[in-house]
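> Sharing a structure below in structure tokens format, with a few things to ask.
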Amino acid sequence: MVKQPTFENALAFASDLIAIPGLSGGEGDVARRVHQEMEALGLADVRVDDAGNVIGVARGRGDAPPAMLNSHLDVVAEGDHAEWEVPPFSGEVRDGFLHGRGAMDIKGPLALQTYAAASMIGEAPGDVIVAHTVYEERGGLGMKHLLESGEVKPGVVIIGEATHGDICIGHRGRAEVEVALTGVAGHASAPGRASNALDLLGDVLLAVRDLAAAQETDDLLGAASVVPTMVDVLPQTRNVIPDRVVVALDWRILPGDDHESLVRRVREAVQARIPSVPEGMAWEVRMATERQVTYTGIVADGNLFTPGFLMDPSHPVVEAAARSVGRRERVEDDATVRPWTFATDGGWSCGVHGIPTVGFAPGEESFAHTNRERLNVEEARWGYARYPVLIAAVQSAL
Ligand SMILES: [Zn+2]
């Protein structure tokens with residue numbers, strides 16, 4: 001049975017998706033539901049890749065470079081249900097808003113993108129790939145895998161993260177870097193027989209402060225920032241001199257920073273504060289890593305690194321996007337062009353792979369990851385109507 005690509009059906013699909021929980025690594029049930037809907041809508045080549053991303057294609061009428069519409073399958077934890085005014089997995093439409101975890105981040109936009117693509121079968125200037133990815137909320141393993149695998153080759157990417165109707169063209173990235181200090185453990189009553197790893201901590205914190213004072217600023221994205229956020233001390237015993245200390249740094253980075261350059265800069269800052277290491281002690285700078293397991297069973301021990309990106313506001317794709325979308329109040333005016341405050345999978349598509357990437361979706365960023373998450377239905381209806389115009393415009397601009 002072929003489903004009709006109407007806004008009402010898209011909204012009902014979004015509501016169904018909200019009712020299916022799925023944190024990063026647990027997207028299987030959501031993925032199956034998305035796969036089923038893509039088939040019902042008549043998309044071609046509907047499939048799930050090794051990492052669990054769901055992909056389908058709306059075949060176009062011509063051979064313009066393919067546009068890829070991307071949202072993610074995972075959501076963040078909903079927290080205490082009692083704190084929600086409307087239950088987090090209800091998917092209820094009340095007072096003009098679709099409510100629940102994922103309403104705007106990102107199951108509402110995911111549904112709109114999927115339906116918008118279906119509405120363009122046989123009409124878009126080129127193929128429209130719909131690829132919804134896993135693990136976006138934990139650094140973007142799904143998108144990284146999708147693009148590295150060569151499974152899709154988009155000429156342009158449109159991300160469905162909330163923009164409130166604006167065209168978003170980039171964001172800062174995020175990296176977690178660790179400074180590990182080692183010494184020799186010993187009884188606290190006999191410091192002479194030990195080398196206290198905490199003795200190096202003060203210099204390391206000063207080194208981070210030096211580094212923080214030397215961060216670059218981008219006119220559009222603002223300043224990069226680095227702060228120490230946690231210190232782990234081992235063994236965790238108050239009468240033992242510790243032999244291991246790990247200082248965690250949260251670094252909001254600008255486009256172009258890769259993990260080698262970040263580690264090198266921390267190393268140089270620490271070296272300047274600790275020119276010679278006392279006997280029996282050592283320090284090391286490294287990226288923080290995390291083991292991630294997809295619902296399909298892929299295991300990845302990855303760096304905690306999400307790249308940033310920034311499109312030139314005068315790039316033809318950006319100009320075409322802003323002009324085609326217009327403003328909700330006045331369609332003759334170009335949409336506002338600006339960066340997001342948070343990171344997205346666009347860091348992989350544009351920051352790493354160089355594919356022109358913009359964001360467009362209804363929804364207010366301030367509701368993301370809160371227990372008031374909601375999507376304005378009339379804004380969503382408007383966004384749904386603008387999507388086909390946007391897709392055709394960016395494909396033609398390439
Ligand atoms: Zn999101």
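The values are calculated or read from the model by the stated rules, or taken from the named source; none is laboratory data. None of these values were measured; they are calculated from a predicted model. As a convention, Cβ positions derive from the backbone with ideal geometry for all residues, glycine included, and neighbour counts pool all protein chains shown.
> Is at least one residue of region 90-103 touching a residue at least 40 places away in the same chain (Cβ under 8 Å), within 14 Å of the ligand (Cβ to nearest atom) and in a helix (DSSP H, G or I)?
yes
> So, in region 174-197, how many residues would count as being buried (at least 24 other Cβ atoms within 10 Å of the Cβ) and assigned to a strand (DSSP E or B)?
So the answer is 4.
> Now for a separate question. Looking at this structure, is residue 50 more than 15 Å from the ligand (Cβ to nearest atom), assigned to a strand (DSSP E or B), touching a residue at least 60 places away in the same chain (Cβ under 8 Å) and not β-branched (Val, Ile, Thr)?
So residue 50 does not fit the description; no.
> Please verify whether region 379-389 includes one or more residues that are within 16 Å of the ligand (Cβ to nearest atom), under 30 Å from residue 82 (Cβ atoms) and out of contact with any His (no Cβ under 8 Å at 6 or more places or on another chain).
Yes, region 379-389 contains a residue that is within 16 Å of the ligand (Cβ to nearest atom), under 30 Å from residue 82 (Cβ atoms) and out of contact with any His (no Cβ under 8 Å at 6 or more places or on another chain).
> Here's something else I'd like to know. Out of curiosity, is residue 29 assigned to a strand (DSSP E or B) and away from the ligand (no atom under 14 Å from the Cβ)?
no
Residues are listed down the side, and each one gets a yes or a no for (1) charged (D, E, K, R); (2) in contact with a Gly (Cβ under 7 Å, 6 or more places away or on another chain); (3) crowded, with 22+ Cβ neighbours inside 10 Å; (4) in the same structural domain as residue 59 (by TED's automatic domain parsing):
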| position | (1), (2), (3), (4) |
| --- | --- |
| 93 | no, no, no, yes |
| 109 | no, yes, yes, yes |
| 112 | no, yes, yes, yes |
| 124 | no, yes, yes, yes |
| 130 | no, yes, yes, yes |
| 141 | no, yes, yes, yes |
| 154 | no, no, yes, yes |
| 162 | no, yes, yes, yes |
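> With the requirement that a residue be more than 19 Å from residue 382 (Cα to Cα) and aliphatic (A, V, I, L, M), what does region 112-123 give you?
121
> Can you pull out the residues in region 4-49 that are of a type in the set (Ser, Thr, Tyr) and touching a strand residue (DSSP E or B) at 6+ places or on another chain (Cβ under 7 Å)?
15
> Are any of the residues in region 357-367 within 13 Å of the ligand (Cβ to nearest atom), modelled with pLDDT under 95 and either crowded, with 24+ Cβ neighbours inside 10 Å or within 25 Å of residue 53 (Cβ to Cβ) (or both)?
yes
> Taking region 326-356, which residues are within 11 Å of the ligand (Cβ to nearest atom) and at pLDDT below 95?
Within region 326-356, 342, 343 qualify.
> Looking for whichever is in contact with a helix residue (DSSP H, G or I) (Cβ under 9 Å, 6 or more places away or on another chain) and over 26 Å from residue 89 (Cβ atoms) here; the options are 393, 368. Which one fits?
Only one candidate qualifies: 393.
> State the number of residues belonging to region 129-162 that are under 22 Å from residue 28 (Cβ atoms), within 14 Å of the ligand (Cβ to nearest atom), among the hydrophobic types (A, V, I, L, M, F, W, C) and outside any helix (DSSP H, G or I).
Adding up the residues that qualify gives 1.
> So which of 211, 220, 205, 201 is touching a residue at least 60 places away in the same chain (Cβ under 8 Å), on the phi < 0 side of the Ramachandran plot and either crowded, with 20+ Cβ neighbours inside 10 Å or of a type outside the set (Ser, Thr, Tyr) (or both)?
Matching residue, one of 211, 220, 205, 201: 220.
> Go through region 329-368 residue by residue and tally those that are assigned to a loop (DSSP other than H, G, I, E, B) and not β-branched (Val, Ile, Thr).
Selection size over region 329-368: 20.
> Could you list, in sequence order, all residues of region 207-261 that are assigned to a strand (DSSP E or B) and hydroxyl-bearing (Ser, Thr, Tyr)?
Of everything in region 207-261, those that are assigned to a strand (DSSP E or B) and hydroxyl-bearing (Ser, Thr, Tyr) turn out to be 217, 225, 229.
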